[in-house]
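The values are calculated or read from the model by the stated rules, or taken from the named source; none is laboratory data. The structure displayed is predicted, hence computed values, not measured ones. Reconstructed Cβ throughout: ideal geometry from the backbone, glycine too, with neighbour counts over all protein chains shown. With ligands, DNA and RNA removed, areas are computed over all heavy atoms of the protein, side chains included. Shrake-Rupley method; radii C 1.70, N 1.55, O 1.52, S 1.80 Å.
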Amino acid sequence: MPTETDGSLDGIGRIQRAKAEGKDVLVALSSARSPELANVARAVGAEVVDLGTDIELEEEVVRDVLSVVAERRGYSQVVFPDEGLFGESDGATAPADVSVLERNSTSAESGEAIVAVPAYNEAGEIASVVEEAGPHADRVLVIDDGSADDTVDRAREAGATVVQHDYNRGYGAALKTAFDEAARLGADSLVTIDGDGQHDPADIPVLRGALEDRTADIVIGSRFADGATTDISPVRRFGVRTVNVLTNLSLGYVRPGRRITDTQSGFRAYSDRAVRSLSGDRSLETQMGASTDILYHARNCGYEIEEVATTITYDVENSSSQNPFTHGVTLVENITKTVMYQHPLLSLGLPGFVTVLFAIWFGFLLVLNYLEIGLVWTVMLLFAAACSWLGVVAALTAVLIIVFKLHRGSGG
């Protein structure tokens with residue numbers, strides 16, 4: 001088994017040979033996990049595509065990611081070496097790197113256009129959803145998430161292919177099964193639509209049409225885009241918009257033209273490479289937070305996201321399997337955990353340090369007050385102690401997250 005150093009030397013040779021032949025080289029790796037390899041690759045003239053440390057991707061998925069990056073840089077053919085340029089992986093699930101070498105036109109075989117319907121106890125509406133989606137798909141795939149009613153039978157009677165979970169795993173798990181099945185079937189595109197009748201299947205061609213020119217890999221059917229139609233209640237609208245703001249901030253999408261207007265829409269279309277990539281990502285949340293996790297995945301992989309106006313109605317029976325307040329709390333919790341993991345120093349370390357400094361300053365004032373008048377403000381003392389404790393916990397949590405990420409990145 002080659003050592004990292006031996007692999008690096010071999011990789012340098014491959015890059016130099018490719019450069020000598022006038023070819024361009026892209027190297028995909030995690031700069032955080034393999035900083036030395038990243039520096040070596042840049043030093044010999046390769047362009048590094050940083051995969052980040054927050055998702056674990058299989059080799060085939062990494063190649064898909066590089067294909068996307070290469071295409072966006074104007075390359076039309078991707079050529080991969082039989083092995084990664086630097087030999088063995090450095091402990092990550094993904095290979096250390098892959099190269100992009102030549103320009104030429106290629107075309108992929110056209111696969112099925114699939115519509116997937118995550119469903120849980122949707123016996124009342126599932127048949128009509130399948131029947132209305134059928135004309136817009138080569139296959140309608142219903143993911144039954146452990147329903148206790150007649151969802152499976154009615155879906156099959158309506159002509160759907162049904163994949164069943166033995167028990168209720170959650171909305172995110174149903175989506176993950178949809179990605180896995182679509183990837184297994186070699187889908188050319190995948191559209192996900194809710195099984196409760198909220199979405200209008202007539203909008204499926206609109207979403208899929210936005211994928212045809214390959215400018216986007218994920219298209220979202222938005223309730224809030226110009227031209228959209230929805231009867232969403234003011235309370236729900238406020239909650240969704242609040243989550244939208246938090247999600248866009250956590251994604252770093254602060255410019256108006258970059259923001260996503262409907263981050264929680266379940267009506268989405270995915271390109272073939274996005275399907276394969278999401279199928280290979282084992283870190284997707286199993287519950288309602290999966291909608292947000294998919295957006296993080298898209299950002300990390302460099303996928304473009306577009307939105308189109310769509311129609312959604314809440315005047316349906318059992319329009320949601322989860323209480324809106326509980327749903328909102330779950331989403332905010334998921335966003336908070338993601339931000340803390342991705343930016344521990346900014347989100348935990350700095351606030352913790354400032355809180356400890358504040359507690360020390362406040363404690364100093366209490367000591368001065370005691371020395372001057374001989375009184376101790378018990379409430380204020382407890383407040384200073386609480387601030388000190390919270391600050392220390394936050395700072396230590398940031399340190400632990402950083403240590404965990406470094407340990408994980410080193411393959412330990």
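Structure summary
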quantity	calculated
Matching residues, the range 109-156, being closer than 20 Å to ASP203 by Cα, part of a loop (DSSP other than H, G, I, E, B) and in contact (Cβ under 8 Å) with a residue 40 or more places away in the chain	GLU112, GLU125, ALA137
Qualifying residue in the range 336-356 (condition: over 14 Å from the mean Cα position of the chain (by Cα), open to solvent by less than 10 Å² (accessible area, probe 1.4 Å), within 30 Å of TRP377 (Cβ to Cβ) and modelled with pLDDT under 80)	yes
Enumeration of residues in the range 107-162 that are open to solvent by less than 80 Å² (accessible area, probe 1.4 Å), farther than 14 Å from VAL191 by Cβ and under 28 Å from the mean Cα position of the chain (by Cα)	ALA119, ASN121, GLU122, ILE126, ASP144, ASP145, GLY146, SER147, THR161, VAL162
Helices (runs of 4 or more DSSP H) wholly inside the range 163-279 that include at least 2 residues being at pLDDT below 85 and surrounded by 15 or more Cβ atoms within 10 Å (Cβ to Cβ)	234-251
Counted residues, the range 280-313 - those being among the aliphatic types (A, V, I, L, M), out of contact with any Phe, Trp or Tyr (no Cβ under 7 Å at 6 or more places or on another chain), farther than 20 Å from GLY209 by Cβ and assigned to a helix (DSSP H, G or I)	2
Yes/no for VAL100 being crowded, with 21+ Cβ neighbours inside 10 Å, at pLDDT below 90 and either within 19 Å of ARG273 (Cβ to Cβ) or of a type outside the set (Phe, Trp, Tyr) (or both)	yes
Subset of the range 358-412 that is open to solvent by less than 60 Å² (accessible area, probe 1.4 Å) and not in a helix (DSSP H, G or I) - its residue that is modelled with the highest pLDDT	GLY374
Members of the range 217-236 that are farther than 14 Å from THR313 by Cβ and not aromatic (Phe, Trp, Tyr)	ASP217, ILE218, VAL219, ILE220, SER222, ALA225, ASP226, GLY227, PRO234, VAL235
